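Notes follow once the structure below has been shown.
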């Protein structure tokens, strides 16, 4: 594995970093003020201005690989750009690289018909509209996607949808024109992974009711936010289904892999900024006769933070490299690992930064509580830690089945003596 970036990627890193320094960081306070000033769920003017500037600079749709409408970057090449954007919660949308739009655009690009692409993908790529993804449900443990209960029933030339979803991020945004919904078309299918389907649902369809917006530790994440949405006899044309009935689980697996790594890339950027704030703050504050940065507990935390960030970044880059070279399915172990490692790393380091700031750390003045809330949410979003750990354990144990695996499996286990103990000098097995 070689993590040296080519000239194109290095140039884009410099451009994104420069754009953030010139346009994002100086305007963060003003953007937050604009959100608070009027309708919190309406797009605010400064965001739209910055999006136009980013688009004009060619810093647009950087996430989409091998596309003449994107930057044509690999996952590995996109990683440092996504990290730079992750330093500000407001930045990803400026570059048209924010969730859930990125995942939805990838779904439409991979699985949509030409009509789907023309009607929904093209305006999404242009940043003219936004989208939502309706998968998580209120009444079941959605970490097991086979639990989903929302029904998608064929009725003549339409599908009729009934169910309740929540954490449908962005649904109240007036620019949100389309959502991708996962539900069951064949709940009696003996194969639990072929019961689900995904369907495109225009937001102006009759029967869609947004019940409430869900705060994350008190942050409403306006104007994007996270909605509870009810579907009451919502009718959409049969051609709105993606790939066909029973393909929903397959699409979900294809969608969530890139989404998970994007979350991790952004969190590394957010954590780098938290560490930067911690270092600057502790160097500038004096306690007990010397700068806080000279207290050994502070130095230990700063050192541990750097170690943890570098470890998480290297593992994330390895996952990106494998996704590019061997595909998401083969890289599922690495994707699962970063989904556990990175959010936990971010939570710990942001917490240390809050502690270093003292009382100021728990205010919104320095952005640390919001960063922590987002990192803590990611430990649950796109699959909780427990699910990914279980999957990792199963994949690891599979290497020790009775049948030797491709890498040798039990052929590398030292032979046992008659009492069941290991022979002191194992035989060499070729």
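The values are calculated or read from the model by the stated rules, or taken from the named source; none is laboratory data. Computed from a prediction, not measured in an experiment: that's the story for all the values here. Cβ: placed from backbone, ideal geometry, glycine included. Neighbour counts: every protein chain shown.
Miscellaneous remarks
- Within this structure, residue 359 fails the test of being in contact with a helix residue (DSSP H, G or I) (Cβ under 7 Å, 6 or more places away or on another chain) and assigned to a helix (DSSP H, G or I).
- Residues considered: 323, 337, 308. Of these, the only one that is under 15 Å from residue 272 (Cα atoms) and either out of contact with any strand residue (DSSP E or B) (no Cβ under 9 Å at 6 or more places or on another chain) or surrounded by 17 or more Cβ atoms within 10 Å (Cβ to Cβ) (or both) is 308.
- Inside the range 234-284, residues that are surrounded by fewer than 16 Cβ atoms within 10 Å (Cβ to Cβ), out of contact with any strand residue (DSSP E or B) (no Cβ under 7 Å at 6 or more places or on another chain) and modelled with pLDDT of 95 or more make up a count of 5.
- Sole exception among (1) in contact with a helix residue (DSSP H, G or I) (Cβ under 8 Å, 6 or more places away or on another chain); (2) farther than 22 Å from residue 274 by Cα for residue 40, by number: (1)
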